[in-house]
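Student: There's a structure below that I have some questions on.
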Amino acid sequence: MFTYAGYVGIWFVLQANPLPARSPVYDRVILGGRVMDPASNLDAVRNIGLSAGRIAVITQQTLQGRDTIDARGLVVAPGFIDLHAHGQTPDTYRFYALDGVTTALELEIGTADVAAWYNERSAGERINYGVSIGHVEVRMAVMHDSGAWMPISDGAYRAASPAEIAEIAQRVEAGLREGAVCIGAGFPYTPAAQPEELLALFRVAGRTKTPVHVHIRPTIAGLREVLSLAGETGAPLHVAHINSAGLAATPAMLRMISDARGQGRDVTTEAYPYDAGMTEIQSATIQDVYRNAPDDSLAQLEWPRTGERLNRESLERYSRTGGPVVVHTNTEPMVAAAIASPLTIIVSDAYWQNGSGHPRTTGTYARVLGRYVRETQALSLMEALRKMTLMPAQRLEARVPAMKKKGRLSVGADADIAIFDAARVMDRSTYREPSLPPVGIRHVIVNGVSVVANGQAVEGVAPGKAVRAPL
């Protein structure tokens, strides 16, 4: 039988030599990777512990987890955030995940019915998703356009009446109340929209302090137009795909945006790493430019399903059926200038329609990492990651505070993570085979759940959540 003195003795022994604390067991641990966080500039070998869909610890200490990813020799980065991804389907979400994307947002064309758009995805998707209230789509609804996605009749070619302009503005405001991430616009798709209509749109943005993500008219005058609208109304402005809008004028347009930012203006821009674009052949951007263009200009257009360059007859024929067309109007030097600029966020401008699309849908982020970081060294790896993660998150934070938890590797951040082989990562998709996934993207985690493991898509998972402004 222990005596009182015996208990006291044991107590003193335990105080001098306490029992070792039990180490926490995390839902998942990522061990030995090169952890790169653009927000803190951390670039070091670390272990990461994940719990309840968040990052719980980043440490040099040994961690235990119910599941383990060996990331030795790999880069561990925040998951990539794509602000400009037109395909928002299970198939395209799978494509995006294989390219390291954990959040894909449709912020240019958007939707006319924000509540319905989110309700369609409320059961969850493979990656995080979100949408803008889109001027193009709202105008199509108000003007009763006959197009399925892009306007091809009154939505493109008829000026709105004062009553219709008021209804467009009201519907845009309603979409913002339903949680739209921003306002989307595509001026070349709505050429009949008059200055008073565009000003009404920007006034809504200015009153609500909502960014307008706009596809400008592809000239320096087009950039001046939106800078003027934003300046007059106080609206935050995001210029879509500056390399596609600027072409040979890309450096001049980047200087204009830099000057505006130097004046304290809230203006941002983006770029994708390909020298050809893609759009719907029936859209105004094609019909207005090429319908009466010289014959030799038609060769800029490529029908992706066959690889043929178009002529007068084939343009007419394919315009009757509709479908995506490749537009070869840019050059690699202009693309490289846009990608390297410190102003640009990396986006895909993903385009996928009926089993065909642009290779940027599947290869954008791997291409930047492989071509512009590793091969040409136009960007450092940390600079590229900043453009893919932190910068897009920061563009949206004022309206969508939840984005403060994305685009970062820090304790408390969402466990959206891309793990890749920097020595091997590269895109493989082409205009003939646009669905080919890249190589070198090894693991992708969304809200703590693997959606890509060992380079292969994980099937039957839907951890993606809505990215949405507070209701």
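The values are calculated or read from the model by the stated rules, or taken from the named source; none is laboratory data. These numbers were taken from a predicted model, which means no experiment stands behind them. When we count neighbours, we look across all protein chains shown, and the Cβ atoms used for this are built from the backbone with ideal geometry, even at glycine. Areas reflect the complete protein model, heavy atoms only, side chains present, ligands, DNA and RNA absent. Shrake-Rupley method; radii C 1.70, N 1.55, O 1.52, S 1.80 Å.
Student: Ordered by packing density, taken as the mean number of other Cβ atoms within 10 Å over each peptide's residues, highest first, how do 22-32, 345-355 rank?
Tutor: Ranking the peptides 22-32, 345-355 by packing returns 345-355, 22-32.
Student: Farthest toward the dipole's positive end in the chain, which of Val57, Thr210, Gly87, given Cβ charges of +1 (Lys, Arg) and -1 (Asp, Glu) about the Cα centre?
Tutor: Final value for the positive-end residue is Val57.
Student: Ok, one more. If you fit an axis through the alpha-carbon atoms of helix 312-321 and take the longest principal axis of the Cα set of the chain, what angle between them do you get, 0 to 90°, nearest 10?
Tutor: Compared with the principal axis, the helix lies near 60 degrees.
Student: Among the DSSP beta bridges whose two residues both lie in the chain, what percent are antiparallel, rounded to the nearest 5?
Tutor: 55 percent
Student: Right, here's the next one. Taking 7 Å along the Cα-to-C-beta vector as the label spot, tell me the Ala462-Asn119 distance in nanometres, rounded to one decimal.
Tutor: Placing both labels 7 Å beyond Cα along the Cβ direction yields 1.6 nm.
Student: From the phi of every residue in the stretch 208-213, what ³J(HN,Hα) in whole Hz does the Karplus formula 6.51 cos²θ - 1.76 cosθ + 1.60 yield, where θ is phi - 60° and glycine or proline is x?
Tutor: 9, 6, 9, x, 9, 8
Student: How much accessible area per residue does the stretch 30-177 have, counting only protein heavy atoms and a probe of 1.4 Å, in square angstrom?
Tutor: I get 37 Å² per residue for the stretch 30-177.
Student: Here is a further query. What percent antiparallel are the DSSP beta bridges of the stretch 68-197, to the nearest 5? Each step should come with its number before you reach the end.
Tutor: Working: 1 of 11 bridges.
Taking every DSSP beta bridge with both residues in the stretch 68-197, the antiparallel ones total about 10 percent.
Student: Follow-up. Show me, for the stretch 387-396, the HN-Hα J-couplings you get by feeding each phi into the Karplus relation (A = 6.51, B = -1.76, C = 1.60, θ = phi - 60°), rounded to Hz, glycine and proline as x.
Tutor: Per-residue couplings from phi come out as 5, 8, 10, 5, 4, x, 4, 5, 4, 9 Hz.
Student: Which Rg and Dmax, in Å, describe the Cα atoms of the stretch 229-299?
Tutor: Using the Cα atoms of the stretch 229-299, the pair Rg, Dmax is 15.4, 45 Å.
Student: Under 20 Å between alpha carbons, and skipping anything fewer than 8 positions from Lys405 in its own chain: which aspartates and glutamates qualify?
Tutor: Asp27, Asp37, Asp43, Asp82, Glu106, Glu125, Glu383, Glu397, Asp414, Asp416
Student: How much of the accessible area of the stretch 238-327, in percent, comes from carbon and sulfur atoms when a 1.4 Å probe is used?
Tutor: Percent of accessible area from carbon and sulfur atoms in the stretch 238-327: 47.
Student: Once amide H atoms are placed 1.01 Å from N in the peptide plane, what residues at a sequence separation of 5 or more from Ile69, or on another chain, have their amide H within under 5 Å of its amide H?
Tutor: Amide H neighbours of Ile69, under 5 Å, 5+ apart: Val29, Ile30, Leu31.
Student: In terms of the Cα gyration tensor, with a ≥ b ≥ c the square roots of its eigenvalues, is the stretch 342-405 rounded because a/c is under 1.5, prolate because a/b exceeds b/c, or oblate? Mind dumping the intermediate values first?
Tutor: Numbers: a/c = 2.94, a/b = 1.12, b/c = 2.62.
Here the stretch 342-405 falls in the oblate category.
Student: Also, I was wondering about something else. Work out the charge dipole of the chain with +1 on the Cβ of Lys and Arg and -1 on the Cβ of Asp and Glu about the Cα centre, then indicate which of Gly246, Phe187, Asn447 is farthest towards its positive end.
Tutor: With unit charges placed on the Cβ atoms, the residue in question is Asn447.
Student: Turning to a different aspect of this structure: Quick one: Cα convex hull volume of the chain, Å³ per residue?
Tutor: Given the Cα convex hull of the chain, per-residue volume reads 168 Å³.
Student: Give, rounded to the nearest 20 debye, the magnitude of the charge dipole that the stretch 316-402 has about its Cα centre when Lys and Arg contribute +1 at Cβ and Asp and Glu contribute -1 at Cβ.
Tutor: Using Cβ point charges on Lys, Arg, Asp and Glu, the stretch 316-402 gives about 140 debye.
Student: In addition: Tell me whether the stretch 336-463 comes out rounded, prolate or oblate; compute the Cα gyration tensor, take square roots of the eigenvalues as a ≥ b ≥ c, and use a/c under 1.5 as the rounded threshold.
Tutor: Rounded, because the longest to shortest axis ratio a/c is under 1.5.
Student: Further, regarding this structure: Would you mind checking the tilt of helix 162-177 against the longest principal axis of the Cα atoms of the chain, expressed as 0 to 90 degrees and rounded to 10?
Tutor: Value to nearest ten degrees: 10.
Student: Mean residue ellipticity at 222 nm from the helices of the chain, using -39,500 (n - 2.57) per DSSP H segment of n ≥ 4 over the full residue count, to the nearest 500 deg cm²/dmol?
Tutor: The helix-only estimate for the chain comes to -9000 deg cm²/dmol at 222 nm.
Student: Same structure again: May I ask for the net charge around Asp427, where only other residues with Cβ less than 9 Å from the Cβ of Asp427 are counted and Lys, Arg are +1 while Asp, Glu are -1?
Tutor: +3
Student: Still on this model: Quick check for me: using +1 on Lys/Arg Cβ and -1 on Asp/Glu Cβ, what's the dipole size of the chain about its Cα centre, in debye to the nearest 20?
Tutor: Computed charge dipole of the chain: roughly 1400 debye.
Student: Can you give me the convex hull volume of the Cα atoms of the stretch 134-194, divided per residue and expressed in Å³?
Tutor: Values: hull volume 4.5 nm³, N = 61.
Cα-based convex hull of the stretch 134-194, divided per residue, equals 73 Å³.
Student: Quick one: accessible area per residue over the stretch 288-381, 1.4 Å probe, rounded to a whole number of Å²?
Tutor: Values: 3730 Å² over 94 residues.
With all protein chains present, the stretch 288-381 gives 40 Å² per residue.
Student: Give the carbon-plus-sulfur fraction of the accessible surface of the stretch 61-174 in %, rounded to a whole number; probe 1.4 Å, heavy atoms of protein chains only.
Tutor: Result for the stretch 61-174: 48 percent of the exposed heavy-atom area is carbon or sulfur.
Student: A follow-up question, please. Keeping the other protein chains in place, figure out the carbon and sulfur percent of the accessible area of the stretch 420-459, with a 1.4 Å probe.
Tutor: Numbers: 830 of 1680 Å².
So the carbon and sulfur contribution to the accessible surface is 49 percent.
Student: While we're here: Keeping every protein chain in place, order Tyr318, Tyr372, Tyr157 by accessible area at 1.4 Å, biggest value first, i.e. largest first.
Tutor: I get Tyr157, Tyr318, Tyr372, largest accessible area first.
Student: Please give the charge dipole size of the stretch 190-263, origin at the Cα centre, charges +1 on K and R Cβ atoms and -1 on D and E Cβ atoms. Round to the nearest 20 debye. Write down the numbers at each step before the final one.
Tutor: Values: 7 positive and 5 negative charges, 40 e Å.
Using only the charged Cβ atoms, the result is roughly 200 debye.
Student: Hey, can you rank 196-205, 376-385 by average C-beta count inside 10 Å, highest first?
Tutor: Numbers: 196-205: 20.3, 376-385: 17.3.
The densest-packed peptide leads the list: 196-205, 376-385.
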